[in-house]
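Report on one structure; see the data block that follows.
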Amino acid sequence: MTLIVVPGEPVPWQRARRAGRVHFTDPRVVAQKNRIALAARAAHVDLAPRGSAVILGLSFVFMRPARSKNKDHVVKPDVDNLVKLTMDALTGIAWDDDTQVVSVHAHKMYGLEAFTQIEVNRW
């Protein structure tokens with residue numbers, strides 16, 4: 001198992017936008033992908049050989065807003081978009097293709113500081 005911790009507010013995947021004929025990706029998405037890749041390399045994640053299965057555990061921790069009445073993080077962003085960005089960022093670092101990921105356990109919650117925790121396990 002390899003544990004990766006990415007400090008900062010988790011960012012969800014967003015579809016590329018268009019302004020006229022120019023397509024662009026939100027700079028926050030690009031920055032988060034870079035932070036995840038940097039943290040994965042710092043944690044010395046081994047690239048899973050082609051054909052091997054990977055199990056992924058994800059925790060997305062957000063700071064609780066001052067006016068929040070919810071105990072749980074039941075507001076945007078959607079957990080599936082958080083997972084998508086994380087899996088995209090780890091492609092080529094933890095696995096060749098995200099089809100190798102056979103199981104994902106993900107949750108989002110409030111905490112004292114914002115971060116993303118990623119557990120990469122080979123099956």
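The values are calculated or read from the model by the stated rules, or taken from the named source; none is laboratory data. These figures come from a predicted structure and were not determined experimentally. Note: ideal-geometry Cβ built from the backbone for every residue, glycine included; neighbour counts use all protein chains shown.
Here is how the numbers come out for the structure above:
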| read-out | value |
| --- | --- |
| Answer from Val22, Val74 - the residue that is within 17 Å of Ala106 (Cβ to Cβ) and hydrophobic (A, V, I, L, M, F, W, C) | Val74 |
| Pairs where the first residue, in segment 79-108, is over 12 Å from Pro12 (Cα atoms) and in contact (Cβ under 8 Å) with a residue 60 or more places away in the chain and the second is of a type in the set (A, V, I, L, M, F, W, C) and assigned to a strand (DSSP E or B), C-beta under 7 Å, 6+ apart | Ala94/Ala48; Ala94/Val54; Ala94/Val120 |
| Filtered residues of segment 35-48 (kept if touching a residue at least 12 places away in the same chain (Cβ under 8 Å) and either in contact with an Asp or Glu (Cβ under 8 Å, 6 or more places away or on another chain) or under 28 Å from Arg15 (Cβ atoms) (or both)) | Arg35, Ile36, Ala37, Ala39, Ala40, Arg41, Val45, Leu47, Ala48 |
| Ala66 exposed (fewer than 14 other Cβ atoms within 10 Å of the Cβ), of a type in the set (A, V, I, L, M), farther than 30 Å from Trp123 by Cβ and modelled with pLDDT under 95 | yes |
